[in-house]
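Notes follow once the structure below has been shown.
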Amino acid sequence: MSSETSGTLDQAMVRSSGLDTLLRDLTDRAVQEVPGAVACSVTVRRAGRLLTLAGSDGMPSGLDLRQYEYGAGPCVDAAETGGEQYAPDLAAETRWSAYTGYALSVGVRCVLAVPVAVEGETGAAINYYGAGTGELGPGREAARAFAARAGEAINVALAIERRRQSAADVRTALLSRSVIDQAIGILMARERLDARTALERLRRASQDRNVKLRDLCGQLVAKVSAPGSDRRQ
């Protein structure tokens, strides 16, 4: 890939506020940079299933979804096998008969799916779509180079997303622990209980009412903290 294209992708990462924005930038850029491509999408396996994380402007939403539903198609095979999939003429393609009819009906005649190595995920691919027979053939090298460069950007964005999620999980856990501790303190003061007995009582109430312990404790703390509340209730 040219240094100009590489720089463009770096700029996309800088101005992107999140993974979704970055991937949209990448798919739109792919259509501009890869000869013959009229649409592009990014497939990644997350939580055990394949998802389209982004698609270029104007891409029919069912192009990837139909493949996931059928469990077969170029982007599914590329993501799951790690092998590049190229169909120069879907009208003559026999590998994905359930899928090709839909693709042809929305104006797609050729498909190129290039696998992408994504850290922490079990499968990913960048999918290029062309409107004419063999139109993606001359651009296969450019498509591979773009996929390799985009893979680096996707990995960075996913790593940032995972760190943010981890930080959010820690904050949630700390808040949960804090509200539970407050509720235990309220019961200890009100009922003259020790901490273990107070926690056990809260757990039983949580089970009896089918309410999460954190939510039950939050309700108790909010009630006691409300203006005019009687802490002895």
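The values are calculated or read from the model by the stated rules, or taken from the named source; none is laboratory data. All figures in this text were calculated on a predicted structure; none of them were measured in a lab. Ideal geometry is used to build each Cβ from the backbone, glycine not excepted, and the neighbour counts take in all protein chains shown.
Looking only at residues of the stretch 203-223 that are outside any helix (DSSP H, G or I) and not polar (S, T, N, Q), we find that the one that is surrounded by the most Cβ atoms within 10 Å (Cβ to Cβ) is Val211. Of everything in the stretch 112-150 that is charged (D, E, K, R), farther than 23 Å from Thr100 by Cβ and in a loop (DSSP other than H, G, I, E, B), the residue that is farthest from the chain's Cα centre (by Cα) is Glu119.
Looking only at the stretch 89-109, residues that are closer than 12 Å to Pro74 by Cα and in contact (Cβ under 8 Å) with a residue 60 or more places away in the chain come to 0 in all. Of all the numbered requirements in (1) surrounded by 14 or more Cβ atoms within 10 Å (Cβ to Cβ); (2) of a type outside the set (Asp, Glu); (3) at pLDDT below 80; (4) more than 30 Å from Glu119 (Cα to Cα), Ile160 misses one, and that requirement is (4). Among the residues of the stretch 28-58, those identified as touching an Asp or Glu at 6+ places or on another chain (Cβ under 9 Å) and in a loop (DSSP other than H, G, I, E, B) are Pro35, Gly36, Ala37, Val38, Ser56, Asp57.
Among what's in the stretch 163-214 and is among the charged types (D, E, K, R) and modelled with pLDDT under 70, pick the residue that is nearest to Thr21 (Cα to Cα). Restricting to residues being among the charged types (D, E, K, R) and modelled with pLDDT under 70, the top hit is Arg164. Within the stretch 192-202, the set of residues being basic (Lys, Arg) and surrounded by 12 or more Cβ atoms within 10 Å (Cβ to Cβ) comprises just one member, Arg201. Number of residues in the stretch 59-88 that are assigned to a helix (DSSP H, G or I), in contact (Cβ under 8 Å) with a residue 40 or more places away in the chain and closer than 18 Å to Ala131 by Cβ: the value is 5.
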